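Q: Could you have a look at this structure, given as structure tokens, before my questions?
The values are calculated or read from the model by the stated rules, or taken from the named source; none is laboratory data. Nothing here was measured: the structure is a model prediction, and the numbers come from that model. Neighbour counts run over all protein chains shown; Cβ positions are idealised from the backbone, glycine included.
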Amino acid sequence: MNKTLFGIALVIGGATQPPPLVIEPAPAPPLHSIIPVPAAIALSVTEQLVIDSGTFVVVDRGVSPEVKAVGQYLVQMLWPSASPNLVNWSGDQPARVGKHIRLIVETGRLELGDEGYDLGIRSDGVTLRARTPAGLFHGVQTIRQLLPHSVEHPAMVDRKLWLPTGNITDTPRFEWRGMMLDVSRHFLPPADVKKFVDAMALYKLNRLHLHLSDDQGWRIEIKSRPKLTAIGGSTKVGGGPGGFYTQEEYRNLVAYAASRFITVVPEIDMPAHTNAALASYPELNCDKIAPPLYTGISVGFSALCVDSAAVLRFVKDVVREISAMTPGNYFHVGGDEVKKLTHAQYIRFIESVQQVVNANEKRMIGWAEISPAALVPGTIVQNWIRDSSFVHAARGGKIIISPSTRAYLDMKYDSTTILGQNWAAYIEVKDAYDWDPATFIPGVPEASILGVEGPLWSETTMTREDYELLAFPRLIALAEVGWSQSALRKWEDFRIRLGAHAKRQAALGLNFYRSSQVPWVH
Ligand code: ACM
């Protein structure tokens, strides 16, 4: 008889038995599953704060409407059907409230920057401090993620809401943490875009780039150019009805995003990707003949007649009308994949569009191809392929990093993914997470990087659920790439935290890809 303890076969009565099963103790559940992971965090679950009908959200008397709105947002989250629990608080004469969640603006806390916050949770109340309303809002999202996922079920009766106690101090790594929705290849109605806005807010994303025009569809009402939507907005990839935002709908969308501290960045892609405009107005074509509408998915074949006065008038009208209803500082002019113009024509056009955008008091953004033009330092280049972004970085300009091999949300997860494309890469969740913007593009150091953005092109996505399946969970991974310092980001830790978000995603009605790389907790 040959008897050993572990690992070596145990032979009893001549028969070889499998080694005894060694059961490891289950790892302790993580104390939190906050995404993006905060800069500094110390929590205890042994002492808790229970949030009930005797808990109040309080703000200082005389705070700005924006701060009050953050308080009201929190109240709505905690007590969706109850009367408002927001009470005023005077620093001189504290109101007699019991358990409280107090929001405090401390403009002197310079280390918190424009979006950071400082959260303290005791068993008798919460203090959330920030320099700005945006910082308070991000702190509220952290409170939301510390609460049980039932907080996402407003209709659930008898919700038990509690928080661990402790402290979190948090600031973002990058100023720009964005997502791009292509609403041109297929159109997304405003309600669907708002649902994306809400999901972005949960993960502290702050820029929504809307790709409003392309070969297949023009999606924004321009009052001086009504045919852009009447003709150019009438269809989509594969044919069938298209759609567009009226100016009122667009303004409403911009305001909704602003209420979640998200800036809308409009893009009108020029001088290529313009077939929808060319089909609407013959004078934008050099031969003055409007081409037919286009419902395929090729790129690069269209171009405005860039040296004509008619095109300059068109650009001025479009940039003026959209800028007037966009409070954010940015106007994206596309500039990618131009195959029909000479290099000189292209550069001349980009430089004249830059003047138009700046005259409308916006910073111009363009895809990487614009780098060789004489760009002013305030112009922003959006990297998407290995390209010449470093040229703009070298002149002191800022770069948004959107590598098509890491951040393109329309790439397939793997060869079995039905939706999406694979011309750049397959991008599994780990690929979307495990890279560092500061070392990704030679010649573009961290100081030149404004931030990161995940573009979601819509050649293959027809419904909101399709868009969501490609966006989630990779957008959540990108949110952490943009917010958290790289020293704090570990894939093995992230995947566990992400797994704990399945119930939250489901409660929010978000379709998401159940990657086998993630231990989902359902
Ligand atoms: C792009 O993907 N054409 C920017």
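Q: Within segment 503-522, count every residue that is surrounded by fewer than 19 Cβ atoms within 10 Å (Cβ to Cβ) and part of a helix (DSSP H, G or I).
A: Matching residues across segment 503-522 total 3.
Q: Report, by residue number, each residue of segment 376-387 that is away from the ligand (no atom under 14 Å from the Cβ) and either in a helix (DSSP H, G or I) or in contact with a Ser or Thr (Cβ under 7 Å, 6 or more places away or on another chain) (or both).
A: None - no residue of segment 376-387 is away from the ligand (no atom under 14 Å from the Cβ) and either in a helix (DSSP H, G or I) or in contact with a Ser or Thr (Cβ under 7 Å, 6 or more places away or on another chain) (or both), so the list stays empty.
Q: Would you mind finding the one in 331, 390 that is among the hydrophobic types (A, V, I, L, M, F, W, C), more than 15 Å from the ligand (Cβ to nearest atom), more than 22 Å from residue 283 (Cα to Cα) and at pLDDT below 95?
A: Going through 331, 390 in turn, the sole match is 390.
Q: Hey, among the residues in segment 393-402 that are out of contact with any helix residue (DSSP H, G or I) (no Cβ under 6 Å at 6 or more places or on another chain) and either assigned to a loop (DSSP other than H, G, I, E, B) or among the aliphatic types (A, V, I, L, M) (or both), which one's farthest from the ligand (Cβ to nearest atom)?
A: 396
Q: Take the residues in segment 292-315 that are farther than 19 Å from residue 349 by Cβ and not β-branched (Val, Ile, Thr), then tell me which one is farthest from the ligand (Cβ to nearest atom).
A: Ranking the candidates gives 292 first.
Q: For segment 243-282, give me the residue count where each residue is without any contact (Cβ under 8 Å) to a residue 12 or more places away in the chain and small (Gly, Ala, Ser).
A: Going through segment 243-282 one residue at a time, the tally reaches 1.
Q: Can you name the strands (runs of 3 or more DSSP E) wholly within segment 40-105 that have at least 1 residues being at pLDDT 90 or above and among the hydrophobic types (A, V, I, L, M, F, W, C)?
A: 40-51, 55-60, 99-105
Q: Consider residue 318 carefully, then state whether it is within 16 Å of the ligand (Cβ to nearest atom) and crowded, with 23+ Cβ neighbours inside 10 Å.
A: Criteria not met by residue 318.
Q: Within segment 354-375, can one find any residue that is away from the ligand (no atom under 16 Å from the Cβ), in a helix (DSSP H, G or I), touching a residue at least 40 places away in the same chain (Cβ under 8 Å) and not β-branched (Val, Ile, Thr)?
A: No, that holds for no residue.
Q: A follow-up question, please. Out of all the residues in segment 80-88, is one or more in contact with a Gly (Cβ under 8 Å, 6 or more places away or on another chain) and among the β-branched types (Val, Ile, Thr)?
A: Checked segment 80-88: no residue is in contact with a Gly (Cβ under 8 Å, 6 or more places away or on another chain) and among the β-branched types (Val, Ile, Thr).
Q: Also, I was wondering about something else. Scan segment 236-263 for residues that are in contact with a Lys or Arg (Cβ under 8 Å, 6 or more places away or on another chain) and not small (Gly, Ala, Ser) and report the count.
A: 9
Q: Aromatic (Phe, Trp, Tyr), within 16 Å of the ligand (Cβ to nearest atom) and not in a strand (DSSP E or B) - does that describe any residue in segment 265-285?
A: Checking segment 265-285: not a single residue is aromatic (Phe, Trp, Tyr), within 16 Å of the ligand (Cβ to nearest atom) and not in a strand (DSSP E or B).
Q: When you scan segment 155-255 for strands (runs of 3 or more DSSP E) that lie fully inside it, which ones turn up with 1 or more residues that are of a type in the set (Phe, Trp, Tyr) and within 24 Å of residue 468 (Cα to Cα)?
A: The qualifying strands (runs of 3 or more DSSP E) are 176-182.
Q: When you scan segment 446-463, how many residues do you find that are small (Gly, Ala, Ser), more than 16 Å from the ligand (Cβ to nearest atom) and under 29 Å from residue 216 (Cβ atoms)?
A: 1
Q: Among the residues of segment 124-143, are any touching a strand residue (DSSP E or B) at 6+ places or on another chain (Cβ under 8 Å), at pLDDT below 95 and in a loop (DSSP other than H, G, I, E, B)?
A: Within segment 124-143, one or more residues are touching a strand residue (DSSP E or B) at 6+ places or on another chain (Cβ under 8 Å), at pLDDT below 95 and in a loop (DSSP other than H, G, I, E, B).
Q: Just checking, how many residues over segment 441-474 are buried (at least 17 other Cβ atoms within 10 Å of the Cβ) and assigned to a helix (DSSP H, G or I)?
A: Summing the residues that are buried (at least 17 other Cβ atoms within 10 Å of the Cβ) and assigned to a helix (DSSP H, G or I) in segment 441-474 gives 9.
Q: Name the residue, out of 477, 438, that is surrounded by 22 or more Cβ atoms within 10 Å (Cβ to Cβ) and away from the ligand (no atom under 16 Å from the Cβ).
A: Among 477, 438, only 477 is surrounded by 22 or more Cβ atoms within 10 Å (Cβ to Cβ) and away from the ligand (no atom under 16 Å from the Cβ).
Q: Of everything in segment 37-46, what is of a type outside the set (Ser, Thr, Tyr) and in contact with a Pro (Cβ under 8 Å, 6 or more places away or on another chain)? Give them in sequence order.
A: Within segment 37-46, 43, 45 qualify.
Q: Quick check, is residue 388 of a type outside the set (D, E, K, R), surrounded by 15 or more Cβ atoms within 10 Å (Cβ to Cβ) and in contact with an Asp or Glu (Cβ under 6 Å, 6 or more places away or on another chain)?
A: So residue 388 fails the test.
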